[in-house]
1. Just the number, please: percent antiparallel of the DSSP beta bridges in region 1-43, rounded to the nearest 5.
2. Would you mind checking which residues have amide H under 5 Å from A63's amide H? H placed 1.01 Å from N; only 5 or more apart, or other chain.
3. What longest range of the chain stays clear of loop-exposed trypsin sites (Lys or Arg not before Pro) (DSSP non-H/G/I/E/B, at most 12 other C-beta within 10 angstrom)?
4. Residue by residue through region 4-17, which ³J(HN,Hα) values in whole Hz follow from phi under the Karplus form 6.51 cos²θ - 1.76 cosθ + 1.60 (θ = phi - 60°), with glycine and proline marked x?
5. Residue by residue through region 53-66, which ³J(HN,Hα) values in whole Hz follow from phi under the Karplus form 6.51 cos²θ - 1.76 cosθ + 1.60 (θ = phi - 60°), with glycine and proline marked x?
6. Please go through region 21-121 and write out the GluC sites (Glu not before Pro) that DSSP classes as loop and that have at most 11 other C-beta atoms within 10 Å.
7. Please arrange H84, H114, H89 by counting, for each residue, the other beta carbons lying within 10 Å of its beta carbon, fewest first.
8. If you rank M43, M67 by fewest surrounding Cβ atoms within 10 Å, what's the result?
Amino acid sequence: MTELLTECRFYFEADCVSEKQILEISGLSVEASDNFLNATIKMLATTDKDLYTWFRECCSGSANESMARVSAYDQAGIRQALWHIINAHIVKYEGPRFTKADQNRANETIVLAHTGIERVQ
């Protein structure tokens with residue numbers, strides 16, 4: 001029986017980026033004419049700088065395109081779905097916004113250009 005992907009936790013990772021919890025994702029799509037839309041991913045910030053480092057490497061031309069992945073885990077921690085983002089590279093990085101009244105957790109947002117998306121699980 002097919003399971004619904006409800007109450008899942010979603011994570012992003014790439015060849016050069018450790019797993020990060022996704023808060024929001026958009027643009028995980030491809031059109032029939034093989035037009036690839038940029039994907040925007042908002043994640044919880046962590047103490048490592050791997051997202052920012054990858055962005056700087058992409059800007060300088062020293063980074064290779066990377067296989068990125070979006071995974072959905074159920075409440076038991078079992079991966080239930082997996083998407084590959086092929087030949088991904090960051091074209092925009094946005095750090096957290098801080099305000100005095102804000103009680104939210106710090107986050108980072110990236111925009112990925114790519115050459116395709118594939119649902120593999």
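1. Working: 8 of 8 bridges.
In region 1-43, approximately 100 percent of DSSP beta bridges are antiparallel ones.
2. Close amide H contacts, sequence-distant or interchain: C58.
3. Numbers: sites that count: K49, R97, K100, R105.
With a cap of 12 other Cβ atoms within 10 Å, the longest stretch comes to 1-48.
4. 7, 8, 10, 6, 8, 9, 10, 10, 10, 8, 9, 4, 10, 10
5. So the Karplus estimates, Gly and Pro as x, are 4, 4, 4, 4, 5, 5, 5, 7, x, 8, 9, 7, 4, 10 Hz.
6. On the way: sites: E24, E31, E57, E65, E94, E108, E118; in loops: E31, E65.
Taking region 21-121 and a limit of 11 other Cβ atoms within 10 Å, the loop GluC sites (Glu not before Pro) found are E31.
7. Numbers: H84 16, H114 23, H89 20.
So the residues, fewest neighbours to most, are H84, H89, H114.
8. On the way: M43 21, M67 13.
Lowest count first: M67, M43.
Bear in mind that the values in this text are calculations on the coordinates, not laboratory data. Remember, it's a predicted structure, so these values are computed and weren't measured experimentally. All Cβ positions, even for glycine, are placed from backbone atoms using ideal geometry, and neighbour counts span all protein chains on display.
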